[in-house]
Every structure is written in C-alpha cells, then in structure tokens.
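Undergrad: There's a structure below that I have some questions on.
The values are calculated or read from the model by the stated rules, or taken from the named source; none is laboratory data. All of these numbers come straight from a predicted model, not from anything done at the bench. Please note: Cβ atoms are built from the backbone with ideal geometry, for glycine as well, and neighbour counts cover all protein chains shown.
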Amino acid sequence: MYQVLREIDFCYGHRLLNYSGKCRNLHGHNGLLVITFETASLDELGMVLDFTDIKRVVQGWIDENLDHRMILHRQDPVVPVLQEMGEPLFLMDENPTAENIARLIFDYVAQKGLPVVETRLWETPRCAAVYRP
C-alpha cells in the first residue's frame with residue numbers, strides 16, 4: 001500500500017453543549033488536520049494523489065467552511081445571537097468535538113471520491129482525535 005499525508009492548519013471556535021468542563025464556554029483552537037490517503041497502486045504519474053488536488057479539494061473546503069468560524073451544534077442557544085451579529089458559523093447536528101469534526105472532514109473528502117483512510121485533528125499540540133472507518 002502507498003500513502004500520502006497532508007497537513008492543513010485552520011483556526012476555529014466552538015463549545016460543547018451539556019458539558020460540565022471548561023469547553024462548555026465559547027473558545028478557540030489553532031487546529032492541525034493531518035489527512036491520510038491510501039491506494040494499492042500508483043497512478044500513471046507514480047502518485048497516490050496529487051498534493052495540488054488535496055489542497056484544492058480539502059483545504060479549499062476547510063478554508064470556505066471551517067476556518068475562522070464558530071463550529072456549533074445546531075441547537076446551541078447562542079446560534080441566533082451570533083447569526084444576528086453576522087458572525088460566520090458552521091452548524092452541526094452533533095456536538096462539535098474534535099472527534100466529530102474529524103469525521104465531518106473525512107466524510108466530505110470521501111464523498112468527493114478521494115481515497116481518504118484517516119483524518120487526525122489536533123486541537124492542541126498534545127490532544128488529537130482520529131477518525132477512520
């Protein structure tokens with residue numbers, strides 16, 4: 001098997017509903033996504049996937065949808081206030097944990113037909129969540 005990995009940095013804010021710790025408050029992260037692609041054979045150019053295509057598809061979507069946005073549960077009571085203020089939001093059907101954000105990105109990339117096998121989202125330099133089916 002062949003693998004390629006790409007790192008993508010992005011900043012985001014979030015908070016967790018029904019959580020008793022500090023993460024119940026609005027706060028932000030300098031996230032680092034490490035996304036892994038895998039194939040059994042290389043294409044005619046000798047690649048798993050062109051890094052330019054990864055940047056265009058994955059980083060393009062993250063830049064447009066997640067970077068410098070509040071990622072919140074759709075039922076979060078602060079959503080209407082932030083919408084009224086014109087703040088950029090990305091709303092999820094579940095708590096915006098690192099685990100759920102990692103899966104969100106995985107599912108988007110897989111839906112685009114890229115051979116993704118793992119997404120690893122580092123919320124801090126010491127804490128990461130991994131999603132792979």
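Undergrad: Taking residue 102 as the residue in question, decide whether it is among the small types (Gly, Ala, Ser), surrounded by 14 or more Cβ atoms within 10 Å (Cβ to Cβ), closer than 17 Å to residue 13 by Cα and at pLDDT 95 or above.
TA: Spelling it out, residue 102 is indeed among the small types (Gly, Ala, Ser), surrounded by 14 or more Cβ atoms within 10 Å (Cβ to Cβ), closer than 17 Å to residue 13 by Cα and at pLDDT 95 or above.
Undergrad: Before we move on, is residue 53 surrounded by fewer than 17 Cβ atoms within 10 Å (Cβ to Cβ) and not polar (S, T, N, Q)?
TA: yes
Undergrad: Of all residues in the range 51-109, which are under 20 Å from residue 132 (Cα atoms), out of contact with any Leu (no Cβ under 9 Å at 6 or more places or on another chain) and among the hydrophobic types (A, V, I, L, M, F, W, C)?
TA: 61, 106, 109
Undergrad: Just checking: which of the strands (runs of 3 or more DSSP E) contained wholly in the range 45-133 hold 2 or more residues that are within 22 Å of residue 16 (Cα to Cα) and of a type in the set (S, T, N, Q)?
TA: Fully inside the range 45-133 and qualifying: 116-124.
Undergrad: Quick one: which residue in 84, 123 is among the acidic types (Asp, Glu), at pLDDT 95 or above and in contact with a helix residue (DSSP H, G or I) (Cβ under 7 Å, 6 or more places away or on another chain)?
TA: Just a single option satisfies the conditions, and that option is 123.
Undergrad: Any chance the range 78-96 includes a residue that's more than 20 Å from residue 10 (Cβ to Cβ), touching a residue at least 24 places away in the same chain (Cβ under 8 Å), exposed (fewer than 14 other Cβ atoms within 10 Å of the Cβ) and aliphatic (A, V, I, L, M)?
TA: Checking the range 78-96: not a single residue is more than 20 Å from residue 10 (Cβ to Cβ), touching a residue at least 24 places away in the same chain (Cβ under 8 Å), exposed (fewer than 14 other Cβ atoms within 10 Å of the Cβ) and aliphatic (A, V, I, L, M).
Undergrad: If a residue must be in a strand (DSSP E or B) and without any contact (Cβ under 8 Å) to a residue 40 or more places away in the chain, how many such residues does the range 1-29 contain?
TA: Going through the range 1-29 one residue at a time, the tally reaches 5.
Undergrad: A further question follows. Is at least one residue of the range 101-118 among the hydroxyl-bearing types (Ser, Thr, Tyr) and in contact with a helix residue (DSSP H, G or I) (Cβ under 8 Å, 6 or more places away or on another chain)?
TA: The answer is yes, given that some residue of the range 101-118 is among the hydroxyl-bearing types (Ser, Thr, Tyr) and in contact with a helix residue (DSSP H, G or I) (Cβ under 8 Å, 6 or more places away or on another chain).
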